[in-house]
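Report on one structure; see the data block that follows.
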Amino acid sequence: MTRLVVGPFNRVEGDLEVTLDVADGVVAAARVSAPMFRGFERILVGRPPGDALAIVPRICGICSVSQSMAAVAALRAVAGVVPPPNGALAADLSHAAENIADHLTHFYLFFMPDFCRDEYASEPWFDDVAARFKAIEGSAAGELLPARAQLLHVLGIIAGKWPHSLAFRSGGTTRGLDLGETMRLIAAVAQLRGFLERVLFAAPLEEVAALSDRAALDAFAEAPRTRNGDFALFLRLARDLRLDRLGRGTTGLMSYGAYRGAGEALFRGGLYDPTTGGTGEIAPERIAEDVTSTWLADGPVHPAEADTHPAVHKPEAYGWAKAPRLDGRPVEVGALARQVVDGAPLARALVADGGSNVAARVVARLFEVARVALAMETWARGLEIGRPFCIPDLPSPDGAAAGLVEAARGSLGHWVTIRNGETARYQIIAPTTWNFSPRDARGVPGPLEQALVGTPVGERGARAAAIQHVVRSFDPCMVCTAH
């Protein structure tokens, strides 16, 4: 048995280290460490509840709006505030713009450059992939960045700036849009469609959203009309490398449900059981945070009852990430989980064929881009000129509540307890905390630790690209993980 340490990882928000036990060129066990402590949960205690709306967006510079949405949802639940329809739609538009920007950034700048390594130089697709996605030199970044700027323009119109906007409140969004600004918003969403249909998919969004099974994906990858798109290029690459056999998950798939501004959630929530193929309701009260392998005291307890107390001398611990469990079991979260739980035929077919895996996670993110971009067009046209976007905040009464939303990487929860007008407790479980969680009290590894088992590394050891593919298919955000 050989022990390898992989890290630090580049193209990752925050610090990440992975320890692998390798036997006969294959990963036999993995331990994932988040070695940086930030302490946002401690910062919030003792402050007025509304301070969270200024502080939690600064947890992360990538999923800033997602953190705001979770805090807003929690404070809104405590106070019983219902925002006006315009404010709810504007918040969904902002959240969707950030999540799509995250998906596109992950695909073009974080994930695909790993296929430009010399390890793949003999592959028939290598020259095309390197010309397109090689860091600094590839042509893709030059096309992505203007499209990403349009998504941030959406956030600028609605929220004034990104990241760390202060426009999201319990009562809605603070900036009312006039006719001219609404038209600019609609135009920005239309320009996003242009990039997606011209560059990423080389096909109408409606056609992508209608893909239903692996045969449809294979046909899309080879059709003369669509094969020049970046999505089709990835599909061919993934088929050649059998990425559907790499990084297979064994856990359930969970989603809290996403984008509720129009009334009914665009993607419904629930828990998918891969052993039965069925989806059931989530019982949030059955969530607990285990800290057996974490440099923290207390636990396992429900996040509404938890505190954040460092315990740096625990000999069995190997990182700052807690081990969240639902009904005592780890679950995988992310775009694949969202689409599977929502019942999307394509996502269900991919998981039925090969379980959760590297290829399915990436396909689900891009498939979700098409679905959310279509929804953004509807939401933008649903804004009513002259109607309010926000109502005044109400004083936060004593009480406790959770704000459960979906960031690009998966399920994000904020739990707040308010006493005597101050924040008595504040706990956060980020998507990467679910996916990159360490072993719990029973010794059960988290989703990534399980998915890395069986990864072939051969003679390349820690330099094997396969390790990068598995880790990056979950798109780690370690600063959120360590709060």
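Every read-out reported here was derived from the displayed coordinates using simple, explicitly stated rules and does not represent laboratory data. If you're wondering where the values come from, they're calculated on a predicted model, not measured in any experiment. Cβ placement follows ideal geometry from the backbone for every residue including glycine, while neighbour counts extend to all protein chains displayed.
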Near the amide H of Cys477, under 5 Å away, which other amide H atoms are found, from residues 5 or more places off or on another chain, if H is placed in the peptide plane?
Thr432
If each residue's Cβ is checked for other Cβ atoms within 10 Å, how do Val5, Val358 rank with the fewest at the top?
Val5, Val358
Give me the lysines in straight-line cross-link reach of Lys322: C-alpha distance below 20 Å, same-chain residues under 8 apart excluded.
Lys314
I'd like the per residue volume of the convex hull spanned by the Cα atoms of the stretch 60-159, given in cubic angstrom.
116
Taking Tyr318, Tyr256 and counting other C-beta atoms within 10 Å, the order from fewest to most
Tyr318, Tyr256
Relative counts (whole %) of C-alpha pair distances in the chain, using bins that are 10 Å wide:
4, 21, 31, 27, 13, 3, 0
Along the charge dipole of the chain, which of Gln450, Ala203, Ile55 sits closest to the positive end, that is, farthest toward it, with unit charges on the beta carbon of Lys, Arg, Asp and Glu (+1, +1, -1, -1)?
Ile55
Taking the Cα centre as origin and putting +1 on Lys and Arg beta-carbons and -1 on Asp and Glu beta-carbons, what dipole magnitude results for the chain, to the nearest 20 debye?
380
Over all Cα pairs of the stretch 385-435, the Kirkwood radius sets Rh, and Rg/Rh then becomes 1.13
Where Lys and Arg each count +1 and Asp and Glu each count -1, what net charge lies around Tyr259 among other residues with Cβ under 15 Å from its Cβ?
-4
Excluding residues fewer than 8 places away in the same chain, name every one of the lysines whose C-alpha is closer than 16 Å to that of Lys134.
none
Which ordering of Trp434, Trp415 is given by a fewest-first count of other beta-carbon atoms within 10 Å?
Trp415, Trp434
Rh (Kirkwood, all Cα-Cα pairs) for the stretch 280-413, Å, reads 18.3
Sequence ranges 287-297, 11-21, 209-219, ranked by mean other-Cβ count within 10 angstrom, highest first:
287-297, 11-21, 209-219
Computed on Cα atoms, the radius of gyration and Dmax of the stretch 338-483 in angstrom are 20.2, 65
Given the C-alpha centroids of the stretch 394-410 and the stretch 445-483, what is the distance between them in whole angstrom?
30
Sort out for me the Cα centre separation of the stretch 271-341 from the stretch 418-433, rounded to whole Å.
16
I'd like the trypsin sites (Lys or Arg not before Pro) in the stretch 375-483 restricted to DSSP loop residues with at most 12 other Cβ atoms within 10 Å, sorted by number.
Arg442
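Hey, what number do you get for the chain at 222 nm if only DSSP H runs of n ≥ 4 count, each worth -39500 (n - 2.57), divided across all residues, to the nearest 500?
-11500 deg cm²/dmol
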